[in-house]
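Structure first, commentary second.
The values are calculated or read from the model by the stated rules, or taken from the named source; none is laboratory data. These numbers were taken from a predicted model, which means no experiment stands behind them. Positions of Cβ are backbone-derived with ideal geometry, glycine not excepted, and every protein chain shown enters the neighbour counts. Side chains are part of the model used for accessible areas, which takes the heavy atoms of the whole protein and leaves out ligands, DNA and RNA. Shrake-Rupley method; radii C 1.70, N 1.55, O 1.52, S 1.80 Å.
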Amino acid sequence: MRFVSTRGRSEPVGLSAAIEQGLAPDGGLYVPETWPRVAPLEVRGDTLPRVAAAVLAPFAEGDALAGELGAITAEAFNFPAPSVAIGAEPGLSVLELFHGPTAAFKDFGARFLASSLARIRRGRPRKLLILVATSGDTGGAVAAAFHDKPGIEVAVLFPRGRVSPLQEAQLTCWSGNVRSFAVEGSFDDCQSMVKAGLKDEALRARYDLTSANSINIGRLLPQMSYFAWASLSAWRADGGAMSFVIPSGNLGHGTACLWARHTGLPIGDVVLAHNANRTLPDYIAEGVWRPRASVSTPASAMDVGDPSNAERLFHLFPEVEDLRRAVSAYSVDNEAIRAAIRAGFERYGQVWCPHTASAAHAFWRHRDLIGAPGRWTLAATAHPAKFREIVEPLLGRKVPLPPALEALLSLPRSSTRIAADVGALLGALMQ
Ligand SMILES: *Cc1c(COP(=O)(O)O)cnc(C)c1O
């Protein structure tokens, strides 16, 4: 299997090279050159890591990682992803993707990427330095995933004072190969510093450099795994398809589900739930792609006005008509998110984070509008305790932290304060 750039002006490469490069040289995103067919009957395995290894095998064919997929998925997906049936709504389940070390589904992608890169880089004489800018969640997942991986160093940049206390703890509790930098500036400053750092000659003379942002195919492919796992579990029970509602921002998550369906997995309808950042729902309604600045909402991990993975969606569905047939998309406003958090608790006894609540609202709307027969799954992307300052006042009760987060919080903190200037970053990294 080879991967080509969405912009069509880069050489096709194998999986390892696509993962190591991140972005294709022409600035596009890597996508599979051809689509493997996955026959549900032939997928063996009764655990998520085994199903993942089987479903991802065709994407690694001919690559050095092919023989290692079993070990990678076992190491990366070492936490459960339970599907919880909602008793009050026959056919409806919630897939809890937040039982990893940082309590959000980004652990799946970050941990698979880390396990893959550690193997790809084995035996290389130079160290790989990963530069990540984060507005909160991604940096924590990446730092946790790469901590202690040999041959790899990580520098995480976050805007000082602009991440939640919990996020700050997740960003600064590391030592050894993970360093965190509290930048006196905004997230955009952090991002420009990373971009400039990746191009810096002196830094490149000392390290191999890459980024770990969500456009890396090594973060996208593993997200197919739990859609495969949840849909196959249902299919094995009764031969039916599973439909999914997915909280979406940068569209990595939704793209992974559509890719999983495209390979032949038993997935029915796909509904994308966006917050007030409605670039994709507007595109589907109006047929005009109008990226815009993001607005801030209670479902902050979905605050993306110019989703980078849209390029992968358009590659698969070049015409808006094709996309309309493939997915439905809803924009959920802030008040509806809050109402869904309350309703989830009152109707079902479920405590949801704002992202998961957006998915529930989109499901209700979809069902009212066109009906939703068969089995449905809401992807629950973060543990509600990660957003307890929003959830607790709405429910009037405490939301306890999961043990994994509790454990992170008790570690000592360390970070380096630096000016919002690439010189300051380089100075610190070159010491
Ligand atoms: C990143 C994230 C999303 C959105 O996923 P995309 O791949 O960016 O569409 C949804 N919920 C949570 C909790 C996230 O961290």
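Per-residue answers, yes or no, for (1) modelled with pLDDT under 95; (2) among the polar types (S, T, N, Q); (3) open to solvent by less than 10 Å² (accessible area, probe 1.4 Å):
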| position | (1), (2), (3) |
| --- | --- |
| V156 | no, no, yes |
| P159 | yes, no, yes |
| R162 | yes, no, no |
| P165 | yes, no, no |
| E168 | yes, no, no |
| R179 | no, no, no |
| Q191 | yes, yes, no |
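Based on this model, can you work out whether S300 counts as within 10 Å of the ligand (Cβ to nearest atom), open to solvent by 40 Å² or more (accessible area, probe 1.4 Å) and not hydrophobic (A, V, I, L, M, F, W, C)? Lay out the reasoning, then the answer.
On the way: within 10 Å of the ligand (Cβ to nearest atom): yes; open to solvent by 40 Å² or more (accessible area, probe 1.4 Å): yes; not hydrophobic (A, V, I, L, M, F, W, C): yes.
Spelling it out, S300 is indeed within 10 Å of the ligand (Cβ to nearest atom), open to solvent by 40 Å² or more (accessible area, probe 1.4 Å) and not hydrophobic (A, V, I, L, M, F, W, C).
Would you confirm whether or not region 312-329 contains a residue that is over 30 Å from E33 (Cβ atoms), away from the ligand (no atom under 16 Å from the Cβ), surrounded by fewer than 16 Cβ atoms within 10 Å (Cβ to Cβ) and not polar (S, T, N, Q)?
Within region 312-329 (the criterion being over 30 Å from E33 (Cβ atoms), away from the ligand (no atom under 16 Å from the Cβ), surrounded by fewer than 16 Cβ atoms within 10 Å (Cβ to Cβ) and not polar (S, T, N, Q)), the answer is no, since none of the residues qualifies.
Could you say which residue among I246, I267 is open to solvent by 10 Å² or more (accessible area, probe 1.4 Å) and in contact with a helix residue (DSSP H, G or I) (Cβ under 8 Å, 6 or more places away or on another chain)?
On the way: I246 fails: open to solvent by 10 Å² or more (accessible area, probe 1.4 Å).
Every option except I267 fails the conditions.
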_Counted residues, region 241-293 - those being in contact (Cβ under 8 Å) with a residue 60 or more places away in the chain and in a strand (DSSP E or B)_ = 12
*Check whether at least one residue in region 195-205 is within 16 Å of the ligand (Cβ to nearest atom), part of a loop (DSSP other than H, G, I, E, B) and touching a residue at least 12 places away in the same chain (Cβ under 8 Å), and report yes or no.*
no
_Only one of E33, E96 is farther than 25 Å from K149 by Cβ, at pLDDT 95 or above, within 16 Å of the ligand (Cβ to nearest atom) and of a type outside the set (A, V, I, L, M, F, W, C). Can you tell me which?_
E96
*Do the conditions hold for D306, that is, is it open to solvent by less than 50 Å² (accessible area, probe 1.4 Å), among the acidic types (D, E), in contact with a Lys or Arg (Cβ under 8 Å, 6 or more places away or on another chain) and closer than 28 Å to I390 by Cα?*
no
*asked:* Given the condition within 30 Å of W235 (Cβ to Cβ) and touching a Phe, Trp or Tyr at 6+ places or on another chain (Cβ under 9 Å), answer yes or no: does some residue in region 385-393 qualify?
replied: no
*Quick one: N78 ticks every box in (1) in contact (Cβ under 8 Å) with a residue 40 or more places away in the chain; (2) more than 16 Å from the ligand (Cβ to nearest atom); (3) among the polar types (S, T, N, Q) except a single one, so which number is it?*
(1)
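May I ask you to verify whether F227 is in a strand (DSSP E or B) and buried (at least 21 other Cβ atoms within 10 Å of the Cβ)? Working first, answer last.
Numbers: in a strand (DSSP E or B): no; buried (at least 21 other Cβ atoms within 10 Å of the Cβ): yes.
So F227 does not fit the description; no.
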*Qualifying position, being at negative phi, in a loop (DSSP other than H, G, I, E, B) and not charged (D, E, K, R), among P58, P90*: P90
_First in region 120-140 and without any contact (Cβ under 8 Å) to a residue 40 or more places away in the chain, second anywhere and in a loop (DSSP other than H, G, I, E, B) and surrounded by 20 or more Cβ atoms within 10 Å (Cβ to Cβ), Cβ under 8 Å, 6 or more apart_ = G140/T102; G140/T134
*Under 6 Å by Cβ, and 6 or more places apart or on different chains, what pairs join a residue from region 156-184 that is assigned to a strand (DSSP E or B) with one that is of a type in the set (F, W, Y) and surrounded by 20 or more Cβ atoms within 10 Å (Cβ to Cβ)?*
L157/F181
_Residues of region 351-381 satisfying the condition of being away from the ligand (no atom under 16 Å from the Cβ) and open to solvent by less than 50 Å² (accessible area, probe 1.4 Å)_ = W364, H366, G371, A372, W376
*On the given criteria, is R413 of a type in the set (D, E, K, R) and surrounded by 19 or more Cβ atoms within 10 Å (Cβ to Cβ)?*
no
*Within region 239-278, track down each residue that is hydroxyl-bearing (S, T, Y), closer than 18 Å to H315 by Cα and more than 8 Å from the ligand (Cβ to nearest atom).*
T263
